[in-house]
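Participant: Got a structure here, written out as structure tokens. Questions coming.
The values are calculated or read from the model by the stated rules, or taken from the named source; none is laboratory data. None of the values given here were measured: they were computed from a predicted structure. Positions of Cβ are generated from backbone atoms using ideal geometry, with glycine treated the same way; all protein chains shown enter the neighbour counts.
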Amino acid sequence: MSEKQWGIKVIKSEGEATRRRLINSGLFDSRLKPHSEGDFLVFPVKNEDKSDGEFFFEKRTEKREPARHELIGGIAVMQEDNPSEAYYLLNSRPVIHTVIYPETPVSGEYRTKDFKVLAGKNTTKTNYVEYNNRFVIDLSVAYFSARLANERQRIVGLMKEKERVLDMFAGVGPFPIILSDKASVIYAGDINPGAVCLMRENIALNRKKNIIPMLADALSLGKILKSHSFDRIIMNLPMTSSEFLDVAFLLCKKGGTIHYYTLQSEEGEMLDILRKYTSGKISERIVRSYSPHQHHAVYDICCE
Ligand SMILES: C[S@@+](CC[C@H](N)C(=O)[O-])C[C@H]1O[C@@H](n2cnc3c(N)ncnc32)[C@H](O)[C@@H]1O
């Protein structure tokens, strides 16, 4: 897009000095781009009296921050239902193929959201990479959050070689796949058939041989895994995981660790309940803020 404006035409060798003089005197029209004409440069100016006449100038493209979003592979999840911002976001980074907006909060047993596609390809499926591990994600089929990537690395850092691990609410398998190199075996259960299907695909994609995916209600794991015990148990079902503590403590080895994730408004909210299960060390940390009044916290519980 070009625009007619007054301009000053100078020989190229005087270009930089002219540019500075025009900026310092407030004459330079910064909405427009200077251009060259043979040996000359033409600068757009705001004042006809100081100009050498009218010229056509290209408009500068507006540079601004795209709207706030979470990026999961090629999908940007926006926090507002704003199609024009979505198109701007789509064009701001080549990696983004789709911009979506969650029309519902995380809900239901499968902890999924309903999404509206605001721009780009009509899909909620994407490929995502986390620390060299590849994932197929479908946000309307199964829960996934890229914001837990640091938390997964923290758990890797706490692990000893060859641990036996259980993920009771494994979703599409991010914890099992990221933790698998340090584990001897990981049992990974979820109640959502769509999540378990994607988890199988992700296990194959990353050629993991020590992860056992299970379509299972966590409440039945005590029976299904009754001859097993684990060094580490992941419980990432923040709204309701307290219902599954009996099973987790049943399956955790003495000296093993349970990572218990919850949503809470105040520090230590879960301590009284957890103390009923163990006298071992319990440490608590904030994973991320969830809403103005709640944060996603994790309790690392030593089973004694
Ligand atoms: C918050 S998501 C976490 C998924 C995964 N751990 C992650 O970080 O991406 C909780 C998962 O628990 C599953 N879930 C809910 N109730 C369950 C139950 N009773 N037994 C097993 N899985 C359950 C849901 O299907 C969902 O995939």
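Participant: Return the residue satisfying two criteria in turn: it lies in region 237-247 and is within 12 Å of the ligand (Cβ to nearest atom) and assigned to a helix (DSSP H, G or I), and of such residues it is nearest to the chain's Cα centre (by Cα).
Facilitator: Let us first name the residues in region 237-247 that are within 12 Å of the ligand (Cβ to nearest atom), namely 237-241, 243-244, 247.
Cutting the leftovers down to assigned to a helix (DSSP H, G or I) gives us 241, 243-244, 247.
Values: Ser241: 22, Glu243: 27, Phe244: 27, Val247: 30 Å.
The extreme case among them is Ser241.
Participant: Okay, moving on. Just give me the residues in region 165-194 being assigned to a loop (DSSP other than H, G, I, E, B) and buried (at least 24 other Cβ atoms within 10 Å of the Cβ), in sequence order.
Facilitator: From region 165-194, those assigned to a loop (DSSP other than H, G, I, E, B) are 168-173, 191-192; that's our starting set.
Result: Met168, Ala170, Gly171, Val172, Gly173.
Participant: Looking at region 124-150 only, could you name the residues that are free of Cβ contacts under 8 Å to residues at least 40 places away in the same chain and not small (Gly, Ala, Ser)?
Facilitator: Scanning region 124-150 gives Lys125, Asn132, Asn150.
Participant: Right, Leu215: within 11 Å of the ligand (Cβ to nearest atom), in contact (Cβ under 8 Å) with a residue 12 or more places away in the chain, over 25 Å from the mean Cα position of the chain (by Cα) and surrounded by fewer than 18 Cβ atoms within 10 Å (Cβ to Cβ) or not?
Facilitator: Working: within 11 Å of the ligand (Cβ to nearest atom): yes; in contact (Cβ under 8 Å) with a residue 12 or more places away in the chain: yes; over 25 Å from the mean Cα position of the chain (by Cα): yes; surrounded by fewer than 18 Cβ atoms within 10 Å (Cβ to Cβ): yes.
Yes, satisfied.
Participant: With the structure loaded, tell me whether Ile258 is in the same structural domain as Asp167 (by TED's automatic domain parsing) and within 20 Å of Gly173 (Cα to Cα) or whether it fails that test. Show your work before the answer.
Facilitator: Details: in the same structural domain as Asp167 (by TED's automatic domain parsing): yes; within 20 Å of Gly173 (Cα to Cα): yes.
Yes.
Participant: Which one is nearest to the ligand (Cβ to nearest atom) among residues in region 157-182 that are within 12 Å of His259 (Cβ to Cβ) and within 24 Å of the chain's Cα centre (by Cα)?
Facilitator: First, pick out the residues of region 157-182 that are within 12 Å of His259 (Cβ to Cβ): 158-159, 165-169, 175, 179.
Of the ones still in play, those that are also within 24 Å of the chain's Cα centre (by Cα) are 158-159, 166-169, 175, 179.
On the way: Leu158: 16, Met159: 16, Leu166: 11, Asp167: 6, Met168: 6, Phe169: 3, Phe175: 5, Leu179: 11 Å.
Looking at residues that are within 12 Å of His259 (Cβ to Cβ) and within 24 Å of the chain's Cα centre (by Cα), I get Phe169.
Participant: Can you name the residue in region 102-116 that is of a type in the set (Lys, Arg) and in a loop (DSSP other than H, G, I, E, B) and, of all such residues, is surrounded by the fewest Cβ atoms within 10 Å (Cβ to Cβ)? Before the answer, list the steps.
Facilitator: Taking region 102-116 first, the residues of a type in the set (Lys, Arg) are 111, 113, 116.
Subsequent filtering for residues that are in a loop (DSSP other than H, G, I, E, B) retains 111, 113.
Details: Arg111: 21, Lys113: 18.
So the residue we want is Lys113.
Participant: Still on this model: Regarding Ile203, is this residue within 12 Å of the ligand (Cβ to nearest atom) and either closer than 24 Å to Thr240 by Cα or among the aliphatic types (A, V, I, L, M) (or both)?
Facilitator: Against the criterion (within 12 Å of the ligand (Cβ to nearest atom) and either closer than 24 Å to Thr240 by Cα or among the aliphatic types (A, V, I, L, M) (or both)), Ile203 does not qualify.
Participant: Which residue is farthest from Ser289 (Cα to Cα), if the candidates are limited to region 135-161 and must be surrounded by 14 or more Cβ atoms within 10 Å (Cβ to Cβ) and of a type in the set (D, E, K, R)?
Facilitator: Asp138
Participant: Restricting to region 117-129, and then to whatever is part of a strand (DSSP E or B) and surrounded by 15 or more Cβ atoms within 10 Å (Cβ to Cβ), can you tell me which residue is farthest from the ligand (Cβ to nearest atom)?
Facilitator: So the residue we want is Ala119.
Participant: Something else: For region 130-153, how many residues meet the condition of being in a strand (DSSP E or B) and within 11 Å of the chain's Cα centre (by Cα)?
Facilitator: Going through region 130-153 one residue at a time, the tally reaches 1.
Participant: From the list Ser227, Ser220, Ser279, Ser289, which one is among the polar types (S, T, N, Q) and within 26 Å of the chain's Cα centre (by Cα)? If you could, list the steps in order and put the result at the bottom.
Facilitator: Values: Ser227 fails: within 26 Å of the chain's Cα centre (by Cα); Ser220 fails: within 26 Å of the chain's Cα centre (by Cα); Ser279 fails: within 26 Å of the chain's Cα centre (by Cα).
Unique residue meeting the criteria: Ser289.
Participant: Then there's this: Kindly list, by first and then second residue, each pair from a residue in region 157-177 that is without any contact (Cβ under 8 Å) to a residue 24 or more places away in the chain to a residue that is surrounded by fewer than 24 Cβ atoms within 10 Å (Cβ to Cβ) and hydroxyl-bearing (Ser, Thr, Tyr), limited to pairs with Cβ atoms under 7 Å and residues at least 6 apart or on different chains.
Facilitator: Lys162/Ser184
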